[in-house]
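What follows is a short report on a single structure.
The values are calculated or read from the model by the stated rules, or taken from the named source; none is laboratory data. All values reported here derive from a predicted model rather than from experimental measurement. Quick reminder, even Gly has a Cβ in these numbers, built from the backbone with ideal geometry, and neighbours come from all protein chains shown. Accessible surface is based on the protein model in full, side chains and every heavy atom, while ligands, DNA and RNA are left aside. Shrake-Rupley method; radii C 1.70, N 1.55, O 1.52, S 1.80 Å.
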Amino acid sequence: MTRTCDRRRLALALIAAVANAAYTTLAPILPLEADKRGISERWVSLVFLAFSIGSSVTPVLVARHLERVGTVKVTAGAMAGMSVLFWCLGNIFDIGSSEDADDAANRKIVGLLVLLQLFMGVAFSTISTGYYSLATLFAEKESAMSSIEASLGVGYIIGPIVGSSLYDEIGYRYAYESVSLGMMAMVLVTWKLIAPVLTYEAPDVDSDGDSTDLEAQTGYKSYSSFESDGHATQRLPMDIAEEAIDLQLPSTLSLLKHPAILFAATNILWINVSWTFIEPLLAKRLESFDVGTKQIGLIFSLSNMVYVPAVFLVQYIFRDSKRRHRTITIATALTPVAVLLTGSNHLSLVVLGISLIGLLPTPVWILLLPFMQDESTMLFPDPNMKRRLNDVTAGIYNCFMTLGQVAGYVLSAFLGPHGFALTARVVASLILLQSALFFFCTIDPRKKKACE
């Protein structure tokens with residue numbers, strides 16, 4: 001049954017890689033196409049901000065209903081929505097004349113871009129909440145998270161390179177129509193090939209000791225978790241316990257009242273800011289160093305080229321769950337070094353900073369969600385609500401991660417005109433402050449004493 005677990009990890013990794021590769025084609029080419037139409041950097045930042053607003057609101061709303069509807073169904077539907085939105089994005093610059101980029105046409109384009117990016121954020125965060133939620137069903141959560149994060153890194157590498165290459169070869173419109181068709185193909189793969197892998201039959205043991213098969217539950221609709229041997233450990237069926245668990249299940253706000261959950265969530269927010277504040281500004285900044293379009297795509301992918309091997313390194317080095325808190329704190333405190341380097345006036349140091357952004361925060365990406373879920377389980381130890389509690393915690397994690405995108409784009413929009421170096425110094429200072437808050441506000445003295 002270990003092979004079954006491996007196939008499930010691979011299936012989740014494939015979904016994560018394709019979704020992230022598709023979206024990250026935007027970063028290196030949308031700002032350049034907008035610049036051709038005379039759309040300023042501030043408006044481009046607003047467009048990226050709309051995506052983040054959509055993706056930050058969605059996870060906490062979706063997470064509580066994933067199990068009831070079926071996670072795989074929800075994920076496939078969101079991927080189909082992304083495909084349609086990519087097609088619309090590819091044709092949006094056909095409004096007006098490219099030679100005569102008048103203000104009226106540009107206002108329409110910016111308004112439609114904001115709307116499309118808002119819905120893109122909703123679809124994308126629905127997919128990411130789904131695969132983060134499914135990853136929590138494995139007994140070895142760090143291993144599952146490593147698979148997910150490695151696939152995200154691969155997606156982030158492929159996306160900018162493919163996007164910039166397609167942009168050079170066939171232009172903006174056909175580049176995005178190609179991405180749209182690829183995304184729709186992935187929907188069919190998910191529905192026909194991946195869904196059966198993520199479907200299993202869990203044994204229901206009667207009072208006389210006989211085992212009966214439940215209906216195969218796409219999206220893990222029973223309260224189950226994957227053990228290391230691949231078997232599912234059965235909780236209470238939905239039709240018996242659903243109403244009682246709904247009443248007992250803590251709300252998002254009640255979880256966030258606990259300092260350990262709140263400051264762990266804000267930690268992933270500021271770690272994400274370390275990259276997202278760069279995203280709307282990096283293409284133009286690299287152009288100032290006379291870097292070509294394809295080279296810009298490669299530099300965008302550089303942090304993820306470092307990140308993918310770092311993910312597997314973290315998985316094997318930091319296996320002791322008792323050291324999670326210390327490891328997350330140190331990784332957060334070191335991240336400002338990379339941020340400061342990106343603000344340098346030397347291209348080599350900028351490239352080094354981008355590389356280190358892929359390396360230094362890696363333990364946070366791998367260890368923080370398991371840390372949050374363990375904290376949630378200690379606060380609400382009822383095993384019958386564990387699955388949904390994990391979903392809610394994954395929703396909080398994904399929500400604050402995407403709020404990091406909002407914060408990053410807001411900072412780039414307002415501080416960017418005052419200089420990239422100043423923006424980098426402000427972001428580095430805020431991340432350093434966050435590392436101190438996480439260290440002092442997430443320690444439970446009773447747990448610390450027990451460990452000692």
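Overview of results
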quantity	calculated
Test for Q295: is it in contact with a Ser or Thr (Cβ under 7 Å, 6 or more places away or on another chain) and surrounded by fewer than 23 Cβ atoms within 10 Å (Cβ to Cβ)	no
Residue among P309, P361, P370, P336 that alone is under 20 Å from the mean Cα position of the chain (by Cα) and modelled with pLDDT of 90 or more	P361
Of the criteria (1) of a type in the set (A, V, I, L, M); (2) closer than 24 Å to Q373 by Cα; (3) surrounded by fewer than 24 Cβ atoms within 10 Å (Cβ to Cβ); (4) at pLDDT below 85, which one A413 fails	(2)
Count of residues meeting criterion [hydroxyl-bearing (S, T, Y) and more than 18 Å from A150 (Cα to Cα)] in region 351-396	3
Residue that is modelled with the highest pLDDT [pool: residues in region 53-68 that are open to solvent by 70 Å² or more (accessible area, probe 1.4 Å) and either assigned to a helix (DSSP H, G or I) or closer than 11 Å to F124 by Cβ (or both)]	I53
All positions within region 162-179 that are touching a residue at least 12 places away in the same chain (Cβ under 8 Å) and surrounded by fewer than 19 Cβ atoms within 10 Å (Cβ to Cβ)	S165, D168, R173, Y174, E177, S178
Sole exception among (1) open to solvent by 60 Å² or more (accessible area, probe 1.4 Å); (2) more than 30 Å from L134 (Cα to Cα) for T423, by number	(1)
Filter pass, S435 being over 26 Å from T24 (Cβ atoms), open to solvent by less than 50 Å² (accessible area, probe 1.4 Å) and touching a residue at least 60 places away in the same chain (Cβ under 8 Å)	yes
Filtered residue count, region 32-46, keeping only those that are part of a helix (DSSP H, G or I) and touching a Phe, Trp or Tyr at 6+ places or on another chain (Cβ under 9 Å)	7
Any chance V350 is within 21 Å of the chain's Cα centre (by Cα) and either open to solvent by less than 40 Å² (accessible area, probe 1.4 Å) or among the aromatic types (F, W, Y) (or both)	no
Selected residue (criterion: farthest from T129 (Cα to Cα)) from residues of region 23-43 that are open to solvent by less than 10 Å² (accessible area, probe 1.4 Å) and among the hydrophobic types (A, V, I, L, M, F, W, C)	A34
